[in-house]
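Visitor: Dropping the structure in here first, questions after.
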Amino acid sequence: MGDSEEIKTLLQMSAGMKKQAYCPYSKFRVGAALMCDDGTIITGCNVENASYGLAICAERTALVKAVSMGHRSFKAMAISSDLKSSFIAPCGACRQFMLEFGSNWDVYMTKPDHTYKLMKTGELLPLGFAPGALEEERISQTA
């Protein structure tokens, strides 16, 4: 994705989604904006739960919404938080979730001033377990 206006829009939408975050426990707001191949932008925010393990990250919220709307191919995602001194990076679960939909789309990890670090999904999870692994020939297990 190279269009600076598209990138700017994606960054602004991810930052705006922080306001929707439901994070009464951590107080750590995260917003995400996902650009589908057709240009549609789907947003998400983190949603926490009193049973901490059931929380869902902004990145997965956006991806689940997109898939439920019929989207399967993505150009880019921007992620925003309130961290000032470092770029927000997706957690391991989100990296694995992103990799499900390809290893070569853009992830913009931002700071509140809209500066960003850009990486591809495959770079975020080197040696990740991708869908192709399920299609590889395996050793047969005969007992």
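The values are calculated or read from the model by the stated rules, or taken from the named source; none is laboratory data. Please read all numbers here as calculations on a predicted model, not as lab measurements. Counting neighbours? That spans all protein chains shown, and the Cβs are built from the backbone with ideal geometry, glycine included.
Visitor: Leu118: at pLDDT 95 or above, aliphatic (A, V, I, L, M), assigned to a helix (DSSP H, G or I) and within 22 Å of Ala15 (Cβ to Cβ), yes or no? Can you show your working first?
Guide: On the way: at pLDDT 95 or above: yes; aliphatic (A, V, I, L, M): yes; assigned to a helix (DSSP H, G or I): no; within 22 Å of Ala15 (Cβ to Cβ): yes.
In short, no.
Visitor: Looking at this structure, is Lys111 buried (at least 16 other Cβ atoms within 10 Å of the Cβ), out of contact with any helix residue (DSSP H, G or I) (no Cβ under 9 Å at 6 or more places or on another chain) and modelled with pLDDT of 95 or more?
Guide: Numbers: buried (at least 16 other Cβ atoms within 10 Å of the Cβ): yes; out of contact with any helix residue (DSSP H, G or I) (no Cβ under 9 Å at 6 or more places or on another chain): yes; modelled with pLDDT of 95 or more: yes.
Yes.
Visitor: Would you check if Ile88 is out of contact with any helix residue (DSSP H, G or I) (no Cβ under 8 Å at 6 or more places or on another chain), in a loop (DSSP other than H, G, I, E, B) and buried (at least 19 other Cβ atoms within 10 Å of the Cβ)? Quick ask: steps written out before the conclusion?
Guide: Working: out of contact with any helix residue (DSSP H, G or I) (no Cβ under 8 Å at 6 or more places or on another chain): yes; in a loop (DSSP other than H, G, I, E, B): yes; buried (at least 19 other Cβ atoms within 10 Å of the Cβ): yes.
For Ile88, the condition - out of contact with any helix residue (DSSP H, G or I) (no Cβ under 8 Å at 6 or more places or on another chain), in a loop (DSSP other than H, G, I, E, B) and buried (at least 19 other Cβ atoms within 10 Å of the Cβ) - is met.
Visitor: Now, a different point. When the stretch 9-65 is examined, which residues are found to be buried (at least 17 other Cβ atoms within 10 Å of the Cβ), outside any strand (DSSP E or B) and among the hydroxyl-bearing types (Ser, Thr, Tyr)?
Guide: Listed by number, the residues that qualify are Ser14, Thr61.
Visitor: Still on this structure: Take Ile79 and tell me if it is at pLDDT 95 or above, under 19 Å from Lys120 (Cα atoms) and touching a Lys or Arg at 6+ places or on another chain (Cβ under 8 Å). Outline the logic, then answer.
Guide: On the way: at pLDDT 95 or above: yes; under 19 Å from Lys120 (Cα atoms): yes; touching a Lys or Arg at 6+ places or on another chain (Cβ under 8 Å): no.
No; evaluated as a whole, the condition is false for this residue.
Visitor: I need the full set of residues from the stretch 70-85 which are under 12 Å from Tyr116 (Cα atoms), outside any loop (DSSP other than H, G, I, E, B) and over 11 Å from the mean Cα position of the chain (by Cα), in order please.
Guide: The one that is under 12 Å from Tyr116 (Cα atoms), outside any loop (DSSP other than H, G, I, E, B) and over 11 Å from the mean Cα position of the chain (by Cα): Ser81.
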